[in-house]
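The values are calculated or read from the model by the stated rules, or taken from the named source; none is laboratory data. Quantities reported herein were computed from a predicted structural model and do not represent experimental measurements. When we count neighbours, we look across all protein chains shown, and the Cβ atoms used for this are built from the backbone with ideal geometry, even at glycine.
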């Protein structure tokens, strides 16, 4: 599995609208081949910053299949207007599940 790690900076005062838009945009991501799951987490110290984690079957499922699709355009149309700056996106190999005994 590949985990997309995206830090999202949202225009101040638009956080509630962004969260509602994320729910609409998530429906597009979830339809993409290779999609596994997504989590949106709001930062405590800076409430206008969010961490988006998305599990993908492979790097190409995100960077080629999803980003090259109309579903990506739907995602960006829903959430893009709320970005204060372009998202910082990186990818990691591995699983994101609690370790045994944790």
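Data overview
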quantity	calculated
Selection count, the range 1-27, where residues are free of Cβ contacts under 8 Å to residues at least 24 places away in the same chain, more than 20 Å from residue 69 (Cα to Cα) and either surrounded by fewer than 15 Cβ atoms within 10 Å (Cβ to Cβ) or over 12 Å from the mean Cα position of the chain (by Cα) (or both)	3
Condition met for residue 89 (at pLDDT 95 or above, more than 18 Å from residue 2 (Cα to Cα), surrounded by 11 or more Cβ atoms within 10 Å (Cβ to Cβ) and within 11 Å of the chain's Cα centre (by Cα))	no
Candidate set: the range 59-86, residues that are touching a strand residue (DSSP E or B) at 6+ places or on another chain (Cβ under 6 Å) and farther than 14 Å from residue 28 by Cβ; chosen: the one surrounded by the most Cβ atoms within 10 Å (Cβ to Cβ)	82
